[in-house]
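Below: one structure, written as structure tokens.
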Amino acid sequence: MTGFRHPSEGYVFVVTYGRSGSTLVQNLLNALPGCLIRGENNNALFPLYKSWRALVRSPDICRMRQAREVSDPSHPWFGAEAIDTDSYARSLCAGFASQVLRPPPQVRLCGFKEIRTISPEADFMEYLAFLNAYFPRPRFIFNTRNHDDVVKSSWWRQHEPAEVRQMMRSAEAVFDTFAAAHPDRSIRLHYDDYVRNHRQFEPLFELLGHRPPPERMHAVLSTRLTHAT
């Protein structure tokens, strides 16, 4: 991580569930000048968040820090009062960016998309709050799709439809709440809207301050994705 610098225009997170059209959004974002949006990473960032959460939620650590206690080697929590949880969180995010996202120096805007939703909703909200607090200039794209079409799409056909619908309702409740609380850095996209009318992407381009060249946008939107049917 030596010498790593965050992209000058920050980060973009595409937050969604499977078969929502997120790969199309990912492909479109990568058509923006200076933008690099990686694909899924199996929620590799979530355990890093949980590592930070273990420190900030520890009653013993919180008590020691608040009391400005100075422990010695005989203390069972020796040194815990010196833990800087904010610096730790920033280093976790920088390490993830430098080693997982790996943006080249010329990239101005970087991020990834993830389809693995988190339950319960409170944990999902706190995880998004972590990303919002510790990644520089974060933007969040919440992508959704008609539930009936998702239930019938690809691997979801192997799952109980009621469970898939509950997962989507739970995720979208988090999307709505977070976007309402952070309207300056969040946007909701809906697959059924933007495939019918490509102008539905305009608010996204305004949020990011970039738009793809017309020929690149046409090429992306006219390419049929075949990774799953």
Looking at region 30-48, is at least one residue in contact (Cβ under 8 Å) with a residue 60 or more places away in the chain and in a helix (DSSP H, G or I)? yes
Being surrounded by 13 or more Cβ atoms within 10 Å (Cβ to Cβ), under 27 Å from residue 14 (Cα atoms) and polar (S, T, N, Q) is the filter here, so list the residues in region 42-78 that pass it. 43
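Could you list, in sequence order, all residues of region 189-206 that are within 19 Å of residue 144 (Cα to Cα) and surrounded by fewer than 17 Cβ atoms within 10 Å (Cβ to Cβ)? Break it down stepwise before answering.
Filtering region 189-206 for residues within 19 Å of residue 144 (Cα to Cα) gives 189-205.
Correct list: 190, 192, 193, 195, 196, 197, 198, 199, 200, 202, 203, 205.
Select, from 180, 219, 228, 122, the only residue that is loosely packed, with under 12 Cβ neighbours inside 10 Å, of a type in the set (A, V, I, L, M) and modelled with pLDDT under 95. Spell out the reasoning first.
Details: 180 fails: modelled with pLDDT under 95; 219 fails: loosely packed, with under 12 Cβ neighbours inside 10 Å; 122 fails: modelled with pLDDT under 95.
Going through 180, 219, 228, 122 in turn, the sole match is 228.
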Yes/no for residue 179 being in contact (Cβ under 8 Å) with a residue 12 or more places away in the chain, out of contact with any helix residue (DSSP H, G or I) (no Cβ under 7 Å at 6 or more places or on another chain) and more than 21 Å from residue 7 (Cβ to Cβ): yes
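Which fully enclosed helices (runs of 4 or more DSSP H) of region 115-201 have 3 or more residues being under 12 Å from the mean Cα position of the chain (by Cα)? Please lay out each step first, then the result.
Values: elements: 121-134, 147-151, 161-181, 191-196.
Passing ranges, in order: 121-134.
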Is it fair to say residue 153 is more than 19 Å from residue 39 (Cα to Cα) and among the small types (Gly, Ala, Ser)? yes
Any pair with Cβ under 7 angstrom, 6 or more apart, that starts in region 188-209 at a residue that is farther than 20 Å from residue 12 by Cα and ends at one that is outside any helix (DSSP H, G or I): 192/145; 192/146
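To keep it simple, each residue is scored yes or no on (1) touching a strand residue (DSSP E or B) at 6+ places or on another chain (Cβ under 6 Å); (2) under 25 Å from residue 89 (Cβ atoms); (3) not aliphatic (A, V, I, L, M).
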residue: 24; (1), (2), (3): no, no, no
residue: 27; (1), (2), (3): no, no, yes
residue: 40; (1), (2), (3): yes, yes, yes
residue: 51; (1), (2), (3): no, yes, yes
residue: 55; (1), (2), (3): no, yes, no
residue: 60; (1), (2), (3): no, yes, yes
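The values are calculated or read from the model by the stated rules, or taken from the named source; none is laboratory data. Keep in mind that this is a model prediction, so the values were computed, not measured. Using ideal geometry, Cβ is built from the backbone for each residue, glycine included, and neighbour counts are taken over all protein chains shown.
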